Amino acid sequence: MKIKVTATILLALIANWALAQQDSTNNSLELLMLQGNGSNTIPLLKKRAANDTTNAQNQLLLGYAYNALTQYDSAAIAFSKACKIDTTSSIAKQELAGALLSFGRITQSIKTYNEAIALDSTNRYAKIELARLLKRENQFKKSRAIWEDLLKADSTNYFIWEQIGDCYYKDNDANSAWACYFMSHYNNPSNLPIAVKIGQIGNISGAPFDLWESIIDTALTFDTTYVPLLRTKAYTEFRKEQYASASKWFSKAFELGDSTRFTLKHYGITEYHNGLFYKSAGLMEAAYKIDTTDIPLNFVLAKALRKIGDRPMAIKLLQNNTLLMNPDKNELAMMYEEMGYLYKENKEPKLAIEKYLKAINITPSRFYLLYNVAYCQELIDEPKNALRSYQNYITLYEDTITSDSTKLANKPTIEYAQFRVKKIREKLFFQDNLIADSAMVDPKNFSYKQIDGKFTLMYNGKPASDSLKQEYYLMQRTIPR
């Protein structure tokens, strides 16, 4: 960008010079410069400057020629000489500042841009370059002050509004930034990056969707292939829990090459909510490879892996999460609860019990897991412990639950727990070995067989007793996760 601007100034100076000078040397110089032949132009310019040491324009042209060859240190020397010849030249100071910046002399560049502006307060180019430099160097308040000064002369300039917004945002004032971005959008609705910035702040801040979502939709009417905009629209739908719509927009961004971790993560979680567990796991695994420390991602990935049967990896992820966390107790308990489900499904009831009890210990409000604990204790033939767990579950349920709807939803588990309490008591009292009174019947051993034209419930190939029938019907409604 710098070269384009200085090239324009250079051509204008050459044109003026050509009109004023008619000798063959100047004509040759003009031709060489117009052809962009810097290496041949420089010797002629140096000769010209040596013959006329009081003309600052010669040094300016020499500086431009060095700039064109990216010889910024030589350009800085030439511009510095121009400043000494003409101490009132804001242009010379401006170009010197640019050359200093090009080879890393940032502090001197800032100082020199300020000197250029002091010489000519209307030097818009120097102000813009200085404001950009200050913004790049994280001096946001100083940068913003210059942009706001420029805004006085051009209050509808969408670019200036955007720059002021950027400075506010970088300075941790998202509200002021958002207001400036809205002004920028108002003056140029087709500026897609501004729509993205508005959407990002809207999503992060949790501002009502009706305040800003239409700006995203308006921007999409101009371009439906701008990936950051597609990503913003997708995440907006994700936050609204409109997962079918979110999937559509994430899919478009993904197809256009968006493989950012943000998209992989949220696209994957979206597809989990859509029930596409294999696809969800694949996307989230790609995000996991980029960052293995994202606790929420790891949790949902574990749930997806559980859905597709990869329980060992799901358990590993949850175990890693517990090591990573400096948690929120509720989040840690949630991890242990999920591990309990996984171990139970993996036919490791002892480990399931351990995790369930850890979850309850961290957050006693998870007393409902005592139902699962009791179920697993029966599986490992610990009837006394199971009896205690079922009884505690029933007591805590009756003492804690007040909502009628919750009571109705949990009625089947209470009925089953009460049924198991009765059966375990019978077992412990009579100590008989009847299948009906065993610690736990296996639901997989039930089947139906047609006998005399009627379907009969069987257990281990024999007609089920009334006690087994009652247990089977209750289990169909209440087998825990």
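Laboratory data are not the source of any read-out in this text; all were calculated from the coordinates shown. Remember, predicted model here, so these are calculated numbers, not experimental data. Glycine gets a Cβ as well: all are built from the backbone with ideal geometry, and neighbour counts include every protein chain shown.
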(Q) On a straight-distance basis, which aspartates and glutamates could pair with residue 47 in a cross-link, Cα separation under 20 angstrom, same-chain partners fewer than 8 positions away excluded? (A) 23, 30, 73, 86
Q: Note the full-extension length gain between residue 404 and residue 176 as 0.36 nm times their separation in residues minus their Cα-Cα distance, in nm to one decimal.
A: 77.4 nm
Q: Sort 365-371, 409-415 for me by packing, meaning the mean count of neighbouring Cβ atoms within 10 Å per residue, highest on top.
A: 365-371, 409-415
Q.
Quick check on the exposure proxy: order 201, 216, 160 from fewest to most C-beta atoms within 10 angstrom.
A. 201, 216, 160
Q) Quick one: 322, 236, fewest Cβ neighbours within 10 Å first, how do they rank? A) 322, 236
Q) Using a Förster distance of 25 Å, how high is the FRET efficiency between residue 357 and residue 241, based on the Cβ-Cβ distance and rounded to 0.05? A) 0.15
Q) HN-Hα J couplings of the range 102-114 from phi, Karplus 6.51/-1.76/1.60, θ = phi - 60°, integer Hz, Gly and Pro as x? A) 5, 10, x, 8, 5, 4, 5, 5, 4, 4, 6, 4, 4
**Q.** Residues of type aspartates and glutamates that residue 197 reaches as a straight line, Cα spacing below 14 Å, ignoring anything fewer than 8 places off in the same chain
**A.** 162, 166, 173, 213, 217
Q | When each of 265/347; 46/127; 303/355; 46/84; 252/279; 355/422 is checked by Cα-Cα distance, pairs over 19 Å | A | 265/347; 46/127; 355/422
Q.
Suppose R0 equals 30 Å. What FRET efficiency, 1/(1 + (r/R0)^6) with r the Cβ-Cβ distance, do residue 224 and residue 308 give to the nearest 0.05?
A. 0.40
(Q) Give me, ordered by chain and number, the residues 5 or more places off residue 458 or on other chains with an amide H under 5 Å from its own placed amide H. (A) 447, 448, 449, 464
Q: Give me 305, 134, 150 ranked fewest to most by other Cβ atoms within 10 Å of their Cβ, as a rough exposure proxy.
A: 150, 134, 305
Q) If you count, for each residue, the other Cβ atoms within 10 Å and average over each peptide, how do 251-260, 183-192 line up from highest to lowest? A) 183-192, 251-260
Q.
For the ranges 393-404, 168-179, 342-353, what's the packing order if you count other beta-carbon atoms within 10 Å of each residue, average per peptide, and put the highest first?
A. 342-353, 168-179, 393-404
